[in-house]
Amino acid sequence: MPDTGTGLVGRALKVLWPDDELWYEGVISKFNPKKMEHQVTYDDGDTEWLSLEKEQYEWLPARGSAPKRPARSRAIVDSSDEEEEGPEPTAKDESGSEYAGDSDGGSESEQSMDAEEMVDSDAESSPPAKKKQKATGGKPVVKVASKPASRPLPAAVMKNAPKSPASRHTNPPTKVVNPPVALPKSVEKLTLPGAGSPAAAACAELTGGLGLALTDEAQRFQTRMDDLFSFATEAKRLDRRGHRPGHPHFDPSLLQLPKSFPLLNGKALSGAQEQWWRFKADHFDAVIFFKMGKFYELFEMDAHVGVEQLGLSYMRCEQPHAGFPEKAYASHAERLVRRGFRVVVVEQVETPDMLAARKAKDSKCKDKVVRREKVAGLSLGTLTDYDMLAASPDAAILLSVTELPRGDGVEGSPQIGVCALDAAVGLFQLCQFTDDGLRSTLRNIFAQLRPVELLMPREGLSEETAAAIHSSFQGTLQRRLDAGTQMWEAERTMHELREGGYFGAQGDAFPELLTELEGAGVHGEAALSAFGGCVFHLKDFAQLDRELLPLRCVERLPGVSTSVTCAEGGDTDMGTGNPGPNSQQEAYVELDAAALKNLEVLENSEGGAEGTLLAHLDHCVTAAGRRRLKQWLCRPLRHAASIAERQAAVVELRGKAFEAAQAARTHLRRAPDLPRLLARLQAACTGGTGRSSAHVVLYEDHSRKRLMDFLIALRGLESIKAAALEFRDVLDDIASPKLCALVTSGSWRRGSGRRVQGLPDLHAALHPFREAFSWERAEQSGRIIPSKDGVDKDLDAANAAWKEAEKELEAYLKQQRTELKCSKIEYINNNKDLYVMEMPDSVKNVPGSYEKCSQRKGFVRYTSVPLEQLKKVMAAAEEKKEAALKGIMQNQLQHFGQGWETWQAAASVACELDALCSLAAAAESYPCGAVCMPQVGGQPGDDTPFFEARALRHPCMPGFVPNDTTLGGEGTAPFMLITGPNMGGKSTLLRQTCLAAVMAQVGAAVPAESLAMSPVDAIFVRMGAQDNILANQSTFLVELAETTAVLERASRHSLVALDELGRGTATSDGAAIAFAVLRHLAHSVRCRTLFSTHYHTLADEHVADPALAIVHMGCRVKEGHAGDPEEVTFLYTLTAGACPKSYGVNVARLAGLPAEVLASAAGVAAAHEAEGRFGGGAAAPKVGEDSGQQENAQEESELTEAEKFLLEKLLQHDNSKSSDDLHELWNRASSMHALL
């Protein structure tokens, strides 16, 4: 038969699959002359290498249609021949089942599942391994396949589904049915289900309200759901306590099963069904990944999610059912979690053989299915798998919030406790604080951390706190915990931690902060309660408590204004006071939620990163470095000494150490996300938890994956060492102590005398691992093999036994060659059957005791009783060797875990070095113009606050016109009142000034010729017109709320930017409020302020006020003709004096309003200006008119009493302003305007 050349490439044929009793058509696409095999490309796109002489096939003269071929699961063949003739044992999967899906050992209840019983997933979707049967002559009788193929997906689904839906287990889909739209809040929004979609209500529970757009394919399951499982439908479901949806105490995660369960409608569920429903009842708002053999199965309402979100196929049965193989676990789990779902992973913890042994040992055991356990709960806030986190470098924060009951607060003020968890690195950050009536601090925490998941008590939050959470939390994953039993109180939290032994058997390794909070009494109760709620969630849902808590990474949440009273009675500042000589605390600038939003520090107005300060400064080459830079931007340094240290390092990285920094970044770019990877390896040091536990049955080589992570971490640490070594030639020239500490081993002292840890000695720390084994060999073999003998006694003994067994096998082979007088007898590996004797079929004196295994052309394969005994000895030696190698790897991991603090310190150093290099790179990235390192002098309170910039440009918009900006200092007012035309650049000036202050105190270079300033303690920005519909807040109320926060929190050393205050209401009311706020900030607070306005009377009335500098954004005006509006040319330059008007009609012209409308508007404006109706009095004077100054001075003296009245209201910082108080303030301002 002509199958030995390339001449067959391109010919069409059909190949018989005996097991399927079907012919499958395809085309020969390639030829391998070495193996004499042809590659067949089937019509469904799958390919297969075949030796045609061993296949039954027919040539096709013309292409025709044939049934799609289900992909087969092929065994690994170690011999040179992949296929052979002759009998072959029925393929079993590693669980012992006769077919891949029946992992429970042939339990009848799980193999046969009809409308009341689950269809066995693997028998339904993945055919048995192909059985090659020798033809007995003639063409075989071909029947229609007894098992129907999976039902095709609907057209809408098929658009993005894999081409061959027939075999969803062997080839998992790589595309999503409805690809997610990239959104800034990590949770991808889903479309709501149609009114007629089956199980839509139940599916909505899976995401806490997110709906699912189910296809018509699910309609056929509706009747069955209503008949058998009506207790799970929206109309009839109850939670575990008997509450219906809508009840204030309803728990959507729990489902009450009928009392007759597992008997439903007189029929008993199978063992697997009962297992699944019990897991589902405990986690009704999650998708259950239910392990059966080598596959994860999704049933009932979860199957709808799998089809819609993962592109899986419904199985051809009466129930919703879909699934995927074990190797697709990480990708599918991550995909669902990123879309806002919770996922619960249920694994087998015994094999069918183990079940049989258990039943044989215990005659009372009636179990028909293997044991399964929940091993993990996955959500946006609890992802820890390194592979799942690779595509998302930003921290995913789980936030727990509590509030002390009214009356328990300090001096009657609300005490709020917060615990922020970054599960990926195992970091808990706690704080407790007294907040104002607007919950400004809590809102700031939400803005800085941007949590993806929220825990809070079901009851006990005040209306103000609940409103702040409702308006600040943009995610969808919330869990309400019962106070006391789930959101533990402080006392129970400490009890559970001690009883759980998380920090040592005797609790002797308790994190210092927890002990401090315990002794602080009421000042620490809320923080400990928030921590307790977080621990409960990790224990109850995520099952990460044993993995994360032993890391002991419990810290204060930086940048929160609060004091904690210690047990000794002293006060310990939690982040805002001046650090003492031995303190590890740093003071930070308060950058509130409004400032982060209005300045677009982290996120632009559309929810993206383009044009933000973070995007401009982010030149990091590591994910951890980017997270560190983001933290710096949210919490700029406050102390001048700390700022100078960071600035000095950036200057060196741009100067003498520039080339070294570039080389170091090359090394750092190769490093993994070490903080996350180290946290996972530290958990593995104890033998693994959750899905990595030793008792979990996994068929993928999980130990190999763990080894690969270990090697990646070791090489990452080597990269850090190499990065540091790049600076060795310039160390003597580097003047920055901070940079020297980051690239040399040891520690250094800062100017205050505080010791800061530098780079650990990585060469000494990594040397034992280099000596112990070859990293390259371990990567290739998947096992840690010691570099020399004598390292492990068990391994040495196993190696000796293996070598002895190998000698015996070789001796037996030589004996058979001699007895049969054939030198061509060889051992080959036939699939997983090792040491099979293969000999030419010409050998005639084959003993009758030989057992024929298989044959190929010209050769026959045999085994024998003595050979099988020798193979058992070899297998036993292999098992001992494998066990010893696993023990060696575990020992190496434990050794690695002992250096946890060293590795953590090295990772932290790499983060900081990367972030500093990023600031240096950003300084070099400006396309034009001068760049300077700001001079930030003095501590707040030491000198008069000032800000002086020359030729300052917007850092994110390099094409903007530079401007000089001066606030405070000798002979200059700290308050700048800015007028000017619409679109003249006022808002840009405000933003660039505030951004320059942020960059200066972060330690970054600024786009300006020079910048000198005293440190700011807070930056407040009130800008833009926006409402908050979810919180039932109008545009004007949002404006006043943000202004109230400014008035209550700003100090003399703050920087305030207010843009067009009062625009959200009537002109008279807005002008009055703007007037009162201006006078309060300028005369009472006296902070550095940028105040832009279109109320020109404000400028008129304060021309002679020495506390204000009146300026405007310059423009050139060309008078209109015959009633046409003026034409304004914007100069974008900051100019002394006030602008006569805002030229709003000019903006209307630019916007394209019709000419007749423009003419009418211009006429009305001119008439009203002549009457003084828009100016609040006489017509607005021109810039510099003396008469206007005299009138304003006289009017100012007449209004003193009215101003005092309103200022008294503004100065009442009672932390209790509500919407009613703001309304009253509005009315008072209106009354004051009447006096004008």
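The values are calculated or read from the model by the stated rules, or taken from the named source; none is laboratory data. This structure is a prediction, so every number in the text was calculated from the model and none was measured. Neighbour counts are summed over all protein chains in view; Cβ atoms, including those assigned to glycine, are modelled from backbone coordinates with ideal geometry. Heavy atoms of the whole protein, side chains included, go into the accessibility calculation; ligands, DNA and RNA do not. Shrake-Rupley method; radii C 1.70, N 1.55, O 1.52, S 1.80 Å.
Quick look at the numbers
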read-out: Residues of the stretch 816-844 classified as part of a loop (DSSP other than H, G, I, E, B) and more than 16 Å from residue 866 (Cβ to Cβ), total; value: 10
read-out: Yes/no for residue 970 being in a loop (DSSP other than H, G, I, E, B), acidic (Asp, Glu), modelled with pLDDT under 95 and open to solvent by 10 Å² or more (accessible area, probe 1.4 Å); value: yes
read-out: Residue check, residue 696 in a loop (DSSP other than H, G, I, E, B) and crowded, with 17+ Cβ neighbours inside 10 Å; value: yes
read-out: Selection within the stretch 444-462 - surrounded by fewer than 21 Cβ atoms within 10 Å (Cβ to Cβ), in contact with a Ser or Thr (Cβ under 9 Å, 6 or more places away or on another chain) and not aliphatic (A, V, I, L, M); value: 457, 460
read-out: Pair list, Cβ under 6 Å, 6 or more apart: the stretch 805-823 residue under 11 Å from residue 837 (Cα atoms), other residue exposed (fewer than 11 other Cβ atoms within 10 Å of the Cβ) and of a type outside the set (A, V, I, L, M, F, W, C); value: 817/823
read-out: Any hit, the stretch 1115-1131, residues being at pLDDT 80 or above and either crowded, with 17+ Cβ neighbours inside 10 Å or hydrophobic (A, V, I, L, M, F, W, C) (or both); value: yes
read-out: Residues satisfying the stated conditions in the stretch 278-308, i.e. more than 27 Å from the chain's Cα centre (by Cα), of a type in the set (A, V, I, L, M, F, W, C) and surrounded by fewer than 21 Cβ atoms within 10 Å (Cβ to Cβ); value: 281
read-out: Within the stretch 826-862, tally of residues that are of a type in the set (Ser, Thr, Tyr), within 19 Å of residue 812 (Cα to Cα) and within 55 Å of the chain's Cα centre (by Cα); value: 2
read-out: Of all residues in the stretch 977-997 being under 21 Å from residue 1080 (Cβ atoms) and touching a helix residue (DSSP H, G or I) at 6+ places or on another chain (Cβ under 8 Å), the one that is modelled with the highest pLDDT; value: 994
read-out: Residue within the stretch 845-859 that is assigned to a helix (DSSP H, G or I) and small (Gly, Ala, Ser) present; value: no
read-out: Residues of the stretch 949-967 that turn out to be of a type in the set (Gly, Ala, Ser) and open to solvent by 10 Å² or more (accessible area, probe 1.4 Å), as a count; value: 2
read-out: Which numbered condition residue 321 fails, given (1) out of contact with any helix residue (DSSP H, G or I) (no Cβ under 6 Å at 6 or more places or on another chain); (2) under 23 Å from residue 370 (Cβ atoms); value: (1)
read-out: Test: residue in the stretch 1064-1086 that is open to solvent by 10 Å² or more (accessible area, probe 1.4 Å), among the β-branched types (Val, Ile, Thr), assigned to a helix (DSSP H, G or I) and under 22 Å from residue 435 (Cβ atoms); value: yes
read-out: Residue in the stretch 784-798 that is out of contact with any helix residue (DSSP H, G or I) (no Cβ under 6 Å at 6 or more places or on another chain), at pLDDT below 90, open to solvent by less than 90 Å² (accessible area, probe 1.4 Å) and part of a helix (DSSP H, G or I) present; value: yes
read-out: All positions within the stretch 361-384 that are among the acidic types (Asp, Glu) and over 21 Å from residue 288 (Cα atoms); value: 362, 367
read-out: Flag for residue 876 being in contact with a helix residue (DSSP H, G or I) (Cβ under 6 Å, 6 or more places away or on another chain) and in contact (Cβ under 8 Å) with a residue 40 or more places away in the chain; value: no
read-out: Of all residues making up the stretch 501-519, the number that are of a type outside the set (Phe, Trp, Tyr) and at pLDDT below 90; value: 7
read-out: Filter pass, residue 380 being assigned to a loop (DSSP other than H, G, I, E, B), closer than 22 Å to residue 672 by Cβ and modelled with pLDDT of 90 or more; value: yes
read-out: Checklist (1) assigned to a helix (DSSP H, G or I); (2) of a type outside the set (Val, Ile, Thr); (3) free of Cβ contacts under 8 Å to residues at least 60 places away in the same chain; (4) open to solvent by less than 40 Å² (accessible area, probe 1.4 Å) applied to residue 274, failing item; value: (4)
read-out: Search result, residues across the stretch 1087-1121 that are out of contact with any strand residue (DSSP E or B) (no Cβ under 7 Å at 6 or more places or on another chain) and in a helix (DSSP H, G or I); value: 1097, 1100, 1101
read-out: Among the residues listed as 907, 922, 884, the single one being under 37 Å from the mean Cα position of the chain (by Cα), over 30 Å from residue 1092 (Cβ atoms) and open to solvent by less than 50 Å² (accessible area, probe 1.4 Å); value: 907
read-out: Within the stretch 612-621, considering residues that are touching a residue at least 40 places away in the same chain (Cβ under 8 Å) and open to solvent by less than 20 Å² (accessible area, probe 1.4 Å), the one farthest from residue 661 (Cα to Cα); value: 612
read-out: So residue 353, is it under 28 Å from residue 449 (Cα atoms) and open to solvent by 10 Å² or more (accessible area, probe 1.4 Å); value: no
read-out: Criterion: within 24 Å of the chain's Cα centre (by Cα) and open to solvent by less than 10 Å² (accessible area, probe 1.4 Å) - qualifying residue of 649, 657, 664, 679; value: 679
